[in-house]
Amino acid sequence: MLFIGLTGSIATGKSTVSSILSSPPHSLPIIDADILARKVVEPGTSGYRAIVKYFGPDILVPVSESMPADGPDGKGRPLNRPALGRRVFGNSEERKRDREVLNNIVHPAVRREVYRSIFRSYVKGHWAVVLDVPLLFESGWDRLSGVVMVVAVRDPEVQMRRLRQRDRHLSKEDAQNRVLSQTDVRLKAKRCEARGKGKGVVIWNDGSKEELQANVDAALAEIRKGSPPWWNWLCLLVPPVGVAAGAWVYWQNIRANKRWKEMELDEKSKL
Ligand SMILES: CC(C)(COP(=O)(O)OP(=O)(O)OC[C@H]1O[C@@H](n2cnc3c(N)ncnc32)[C@H](O)[C@@H]1O)[C@@H](O)C(=O)NCCC(=O)NCCS
Ligand SMILES: Nc1ncnc2c1ncn2[C@@H]1O[C@H](COP(=O)(O)OP(=O)(O)OP(=O)(O)O)[C@@H](O)[C@H]1O
């Protein structure tokens, strides 16, 4: 089974692309890290308790007529996500430290859920599964991905406009802090291209949704050529072949990451 790692930066169009990939004719299973990241911090979970312990009760939905102090089902009040977002998004040292604390609580729990979902897709015999992970490179999921797909925009203004149109509750400063909390999407696109032909695909999304659909369809047709049905059946029916193919992908990705690090150091030394 091929792992397609889907990433980008905030509001560049990952969810739009993932809904194209999950719809006919592609109909691929999607493992959405953002959804899993919400599930593992629901009231009553150990992730929720760890967050409240560190960040305090100010990051919970306030008590009101419709929100009792111990939450609607007695497990605690849900997280106030915009308030928590204000504590962790941004470039100051304090925000970076708090973001790291939050990541260290949420990411291991998300990782376990992703493995479970991958297993479910594998036993159903899907030829590919999409790992929709905003922090794909940062959290190392790129190493498992046979193909990485980065959804990017060339113009930062397009990203900011779409973000503010979609999340109207965000002030300009909140929106800027969220964009700044992530690696620049053009850099992610460069890293994706550096993986080489057939292993990294950049979907540029400055144009219309129709253009986006056409770009995704064309990219999928190419990916399908590199992963024909007979190969998937072989990997499924002869598990050692599947394991060897997975190990090969992993090793190639480790090498690609090493090359990327060297390129980065090279560029820095030229400055
Ligand atoms: C801080 C939280 C509560 C804000 O929630 P909110 O509903 O307002 O935003 P949402 O979760 O939709 O995130 C919006 C976008 O911000 C980006 N983002 C989210 N978390 C992070 C992070 N830790 N670092 C950088 N960017 C992030 C992603 O592109 C995401 O799609 C939430 O983002 C969170 O719990 N983040 C930590 C978990 C995480 O890293 N999730 C990303 C996938 S594992
Ligand atoms: N080509 C496009 N033309 C116009 N609007 C678009 C286009 N692509 C995406 N959008 C819109 O931009 C907004 C952001 O897109 P989307 O939610 O897919 O981004 P995302 O990368 O998943 O964001 P996040 O990281 O915040 O989850 C949405 O409102 C979406 O409908």
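Computed values, structure above
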| item | result |
| --- | --- |
| Label-point separation, Lys96 to Asp184 (7 Å along Cα→Cβ), nm | 1.7 |
| Chain lengthening between Ala83 and Glu264 when straightened (0.36 nm per residue, less Cα-Cα) | 61.7 nm |
| Along principal axes, Cα extents of the chain, largest first, whole Å | 59, 47, 39 |
| Per-pair calculated FRET efficiency, R0 = 25 Å: Arg120 and Met67 via Cβ, rounded to 0.05 | 0.15 |
| Projected label distance in nm at Ala194 and Asp167, using a 7 Å step from Cα toward the beta-carbon | 2.7 |
| Contour minus Cα-Cα distance for Ala218 and Trp233 (0.36 nm per residue) | 3.0 nm |
| Rh by Kirkwood over Cα pairs, then Stokes-Einstein D for region 1-59 at 1.306 mPa s and 10 °C, µm²/s | 114 |
| Percentage, to the nearest whole number, of Cα pairs in region 129-263 over 20 Å apart | 55 |
| Translational D in µm²/s for region 175-243 (Stokes-Einstein at 37 °C, 0.692 mPa s, Kirkwood Rh from C-alpha pairs) | 221 |
| C-alpha center-to-center spacing [region 87-155, region 175-240] in angstrom | 15 |
| For peptides 186-196, 221-231, sequence by mean Cβ density within 10 Å, most packed first | 186-196, 221-231 |
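Readers should treat all values here as calculations from the given coordinates under stated rules, not as data from a laboratory. Owing to the predicted nature of the structure, the values given are computational and were not obtained by experimental measurement. We place every Cβ from the backbone using ideal geometry, glycine too, and count neighbours over all the protein chains shown.
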